[in-house]
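**Student:** Once you've had a glance at the structure underneath, I'll fire off some questions.
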Amino acid sequence: MRRSLKSYMLIDLTMLIIIGSILEGVVTYMSGLVLNSAATVSISLLIVLLALARWNLWGLITIPFLALATIIGGRLSPIPYFASAYEWRAYISIVIGLLFTGFSVIVFKKKGTMMLKKNYVLVLYILINYIVYNLIQLLSYELLYNIFSSPEGWNLITYTSYLDSSDGELVTVNVANFMTNGFIYNLFGLAIAIIGGFILRSQEAFGNVTEKLLEDKRLAEEIRKNDEEFYIPDIDEKEIKDDSNISAEKENESSDTIDSK
């Protein structure tokens, strides 16, 4: 059954949202335990950049879901100060930061996504968007923090630490600081985006779907045209008989010469 391009896009984006959200939530949860960090992007940066390359601005649809997965994964963290950092201000700043990656589409409209076949262009695409995301996410969070900071000290959390004492001691942490250190905490997500970008590109997945379909159609037309132009010319049966008679006469002459000797 043939599908329309829109239905294929819907299925593709849905799969990216489902797979990306699950992985984002799990990796964000584990980052507090393994990496001792409060990352705001892990898998989601790769998924958003992939969706933008494949479907242009339609790829932005994935952002609210991936950002929500980040918050859920962070809130489930057993580390109390990391879990407290993932609240509504963080969610909005993550969404705004990822939305600004959509400016990549302007370049794609002019140059096309075929440019991503060059290694340095792919790395630049990911690295520039990583910088843009972190800057916008930081500025957005700082703005929300200053406007909506509550007098109750929501950003301060006190917990019992057993690192320096077996009896434990109370430590107060400003959890808002975790959301302003994205350039450090998100480095793991940057590594995933670069490595994943090369892997997906090798599978011909990191590129605009419409461009790929048009390229495949063009190649199919060239193959069909070449097949039509390639032919074996018909040989006249009379020419074949004449050639056979000439060959037979030459053989007879040769045998007569040998006999006469």
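**Student:** Taking the stated definitions as given, is S77 modelled with pLDDT under 95 and under 29 Å from Y125 (Cα atoms)?
**Tutor:** no
**Student:** Pull out all pairs, ordered by first then second residue, where Cβ-Cβ is under 7 Å, the residues are six or more apart or on different chains, the first lies in region 20-48 and is of a type in the set (D, E, K, R), and the second is in a helix (DSSP H, G or I).
**Tutor:** As it stands, the answer is E24/S44; E24/L66; E24/A69; E24/T70; E24/G73, since those pairs meet every condition given.
**Student:** When you check Y91 against the structure, is it open to solvent by less than 80 Å² (accessible area, probe 1.4 Å), among the aromatic types (F, W, Y) and in contact with a Ser or Thr (Cβ under 7 Å, 6 or more places away or on another chain), yes or no?
**Tutor:** no
**Student:** Restricting to region 111-140, give me the number of residues that are open to solvent by 50 Å² or more (accessible area, probe 1.4 Å) and aromatic (F, W, Y).
**Tutor:** Counting residues in region 111-140 that are open to solvent by 50 Å² or more (accessible area, probe 1.4 Å) and aromatic (F, W, Y) gives 1.
Listed here are the residues, each with its yes/no results for (1) more than 18 Å from R201 (Cβ to Cβ); (2) touching a strand residue (DSSP E or B) at 6+ places or on another chain (Cβ under 7 Å); (3) modelled with pLDDT of 95 or more; (4) part of a helix (DSSP H, G or I).
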| residue | (1), (2), (3), (4) |
| --- | --- |
| L60 | yes, no, yes, yes |
| F65 | yes, no, yes, yes |
| I71 | yes, no, yes, yes |
| I94 | yes, no, yes, yes |
| K110 | yes, no, no, yes |
| L124 | no, no, yes, yes |
| P151 | yes, no, no, no |
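Okay, residues lined up against (1) closer than 20 Å to Y86 by Cα; (2) β-branched (V, I, T):
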| position | (1), (2) |
| --- | --- |
| L5 | no, no |
| M9 | no, no |
| T14 | no, yes |
| V27 | yes, yes |
| V34 | yes, yes |
| A38 | yes, no |
| A51 | no, no |
| T62 | yes, yes |
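**Student:** Oh, and also: Of the residues that make up region 3-11, is at least one within 15 Å of F65 (Cβ to Cβ) and crowded, with 19+ Cβ neighbours inside 10 Å?
**Tutor:** Among the residues of region 3-11, not one is within 15 Å of F65 (Cβ to Cβ) and crowded, with 19+ Cβ neighbours inside 10 Å, which makes the answer no.
**Student:** Residue under question is S7, and the condition is that it be among the hydroxyl-bearing types (S, T, Y) and over 21 Å from L116 (Cα atoms); does it hold?
**Tutor:** Yes, satisfied.
**Student:** As an exercise: evaluate V41 against (1) more than 17 Å from M179 (Cα to Cα); (2) of a type in the set (A, V, I, L, M, F, W, C); (3) in a loop (DSSP other than H, G, I, E, B) and give the number of the one condition it does not meet.
**Tutor:** (1)
**Student:** Just wondering, is there one or more residues in region 15-25 that are open to solvent by 80 Å² or more (accessible area, probe 1.4 Å) and on the phi > 0 side of the Ramachandran plot?
**Tutor:** Checking region 15-25: not a single residue is open to solvent by 80 Å² or more (accessible area, probe 1.4 Å) and on the phi > 0 side of the Ramachandran plot.
**Student:** Can you tell me which residue within region 166-207, out of those that are charged (D, E, K, R) and in a loop (DSSP other than H, G, I, E, B), is modelled with the lowest pLDDT?
**Tutor:** Going through the qualifying residues, I end up with D167.
**Student:** Still on this structure, I have one more. All but one of (1) surrounded by fewer than 24 Cβ atoms within 10 Å (Cβ to Cβ); (2) under 19 Å from the mean Cα position of the chain (by Cα) hold for P78; state the number of the condition that does not hold.
**Tutor:** So P78 meets the others, but not (2).
The values are calculated or read from the model by the stated rules, or taken from the named source; none is laboratory data. These figures come from a predicted structure and were not determined experimentally. Positions of Cβ are generated from backbone atoms using ideal geometry, with glycine treated the same way; all protein chains shown enter the neighbour counts. Calculation scope for accessible area: heavy atoms of the full protein, side chains included, ligands and nucleic acids excluded. Shrake-Rupley method; radii C 1.70, N 1.55, O 1.52, S 1.80 Å.
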